[in-house]
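Colleague: Take this structure first; my questions come after.
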Amino acid sequence: MSLDAIFSDQVRMRAFLPDPHEFVALLRLYTNSILDPAMVLPGIMGDTTGYMLGGDGQQVGQVHTAGVGETFRGDSNVGLVDFSKADFDVPAGLIDFTGLHIDTTAPTTGYTITNAELLFRMNRTDFKPPNSATVGTSAQLPEPSSLALLSAGLAGLALVRRRQQRGISGR
């Protein structure tokens, strides 16, 4: 089975990923197995690979082997993890995503997929600076170069303020 989970209405996620290793993309498939006590859990997806879809809808980075699992509620989960800076070779760690692509083999236990959810986890630790994301259409999101300049300017202002405070307290 091959699926693309794509944001609707030309929405995209502009992510700032100074530490891409902390970034996780998870596709959760809800099934009817929890509703029918006679039905067994759906089972774990087979060999699964995937990749993120960039702002142009094309593959970003390399194909990853996905982590797979299921819950006691009958959900099947597929997660893309272990990204690196090589996957998102962009200035200032800014990248646009429009979704993700998954290739997998679904178990044949007779369940029905009733819903799906696309989740993103930015950080698993207190990494500084943190990964973050803004979601919107292209018109709603600032251009990556503008955002990078703004970030650099704010960092510069913070540094100047810090130096001024040290100068004042040292007198």
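Where a number appears in this text, it was derived from the coordinates with a stated rule and is not lab data. As the structure is a computational prediction, the values presented were derived from the model and not from experiment. As a convention, Cβ positions derive from the backbone with ideal geometry for all residues, glycine included, and neighbour counts pool all protein chains shown.
Colleague: Which order results if Ser84, Ser33 are arranged by neighbouring Cβ count within 10 Å, fewest first?
Modeller: By the 10 Å Cβ count, ascending, the order reads Ser84, Ser33.
Colleague: Count neighbours as other Cβ atoms within 10 Å of each site's Cβ, and list the chymotrypsin sites (Phe, Trp or Tyr not before Pro) in the range 1-108 that are DSSP loop with at most 16 such neighbours.
Modeller: Those satisfying the criteria are Phe7, Phe72.
Colleague: Around Ala116, with a cut-off of 13 angstrom between Cβ atoms, what is the net charge of the other residues, counting Lys and Arg +1 and Asp and Glu -1? Mind dumping the intermediate values first?
Modeller: Working: positive: Arg28; negative: Asp4, Asp75, Glu117.
Net of charged neighbours comes to -2.
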